[in-house]
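Enquirer: Below you'll find the structure I mean.
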Amino acid sequence: MFGHAQAVLFDLDGTLIDSAPDLGAAADQMRTDRGLASLPLERYRPMAGAGARGMLGIAFGMGPEHPDFPAMREEFFRNYERRMTQLTYAFQGVAELIAALQHRGLAWGVVTNKSMRFTGPLTRAMPLFAGARAVVGGDSTPHAKPHPAPLLEAARQLGLPPAACVYVGDDERDIVAGRAAGMPTVAATYGYLGSNADTVAWGADARIGSPLDLLPLLQSGRTA
């Protein structure tokens, strides 16, 4: 299943990079701009994978049904756009993982629900992504994950059948999308997992507790 992979596709936030500090800071600025007390990053981090919805939920207890949500979301987007890479960094081991994949001749890419408004500038700004052969955002196709369309588009960009691509992500939506696309899936359990996340129940073909744990899977083809 893994030993015959020709490419690895990754989710972005919570899988390759820790963007929680910049996401949280963008939302927290909205609080302090309104004279509210700052909240610690630890409050924001578990919801970083949920983007604006998660950050505004923590900062203001506000959901998408609130009448002010669209305006607040755009304010959050503008704040985040100004600081996307100030505090964001690759998780420990990611740079080594990417280097090892490239050394083995495996193609790699990114499939995220983050819109290309942010995904494009962010990946261009971080040297880590210079070798990515596919970058697919949440609005690159008509449907975002858990729909398989973004993963199928990434496979198309790579010129590979979906079954030759492994998909790695830290959210159940990633695993659902990967399975629907016909890709072997790996759950990254070090990412932005909610306190009640049951990664076993996601049904991934394997789980990894750190980025470098992926390499033995690809080498041996065994599941974990």
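Enquirer: Using amide H atoms built 1.01 Å from N in the peptide plane, name the residues 5+ places from residue 62, or on other chains, whose amide H lies under 5 Å from its own.
Expert: 57
Enquirer: Please give the charge dipole size of the chain, origin at the Cα centre, charges +1 on K and R Cβ atoms and -1 on D and E Cβ atoms. Round to the nearest 20 debye.
Expert: Dipole magnitude for the chain comes out near 360 debye.
Enquirer: Pairs of Cα atoms under 8 Å, at least six residues apart: use those to get the relative contact order of the chain, whole percent.
Expert: Worked out over the chain, it gives 27 percent.
Enquirer: Something else: Over the range 35-88, what is the relative contact order in whole percent, taking alpha-carbon pairs under 8 Å and six or more residues apart?
Expert: Reported relative contact order: 22 percent.
Enquirer: Output the relative contact order of the range 1-71, whole-number percent, from Cα pairs under 8 angstrom with separation of 6+ residues. Provide the component values of the computation, followed by the final result.
Expert: Working: 53 pairs, mean separation 17.7, N = 71.
Averaging sequence separation for qualifying contacts and normalising by length gives 25 percent for the range 1-71.
Enquirer: Skip the ligands, DNA and RNA, and give the accessible area per residue of the range 51-148 with a 1.4 Å probe, whole Å².
Expert: Numbers: 4790 Å² over 98 residues.
Ligands and nucleic acids excluded, the figure is 49 Å² per residue.
Enquirer: Using DSSP H assignments, which helices in the chain have an axial alpha-carbon span of 15 Å or above and a mean Kyte-Doolittle hydropathy of -1.0 or higher?
Expert: Flagged H segments are 20-33.
Enquirer: Let's test the formula: R0 of 30 Å, r as the Cβ-Cβ distance of residue 31 and residue 200. What FRET efficiency results, to the nearest 0.05?
Expert: Numbers: r = 36 Å, r/R0 = 1.21.
That gives a FRET efficiency of 0.25.
Enquirer: While we're looking at this one, here's another question. Could you tell me whether the range 113-159 comes out rounded, prolate or oblate from its Cα gyration tensor? Rule is a ≥ b ≥ c as square roots of the eigenvalues, rounded for a/c under 1.5, then prolate if a/b exceeds b/c, otherwise oblate. Please report the intermediate quantities before stating the final value.
Expert: Details: a/c = 2.89, a/b = 1.37, b/c = 2.10.
In terms of gyration-tensor shape, oblate.
Enquirer: Still on this structure: Could the peptides 130-139, 9-18, 182-191 be put in order, highest first, of the mean number of other beta-carbon atoms found within 10 Å of their residues?
Expert: 9-18, 182-191, 130-139
The values are calculated or read from the model by the stated rules, or taken from the named source; none is laboratory data. Note that the structure is predicted; figures quoted are calculated from it, not measured. Because the Cβ atoms are built from the backbone with ideal geometry, glycine has one as well, and the counts that use them run over all protein chains shown. Ligands, DNA and RNA are stripped out before the accessible areas are found, and what is left, the full protein with its side chains, is counted by its heavy atoms. Shrake-Rupley method; radii C 1.70, N 1.55, O 1.52, S 1.80 Å.
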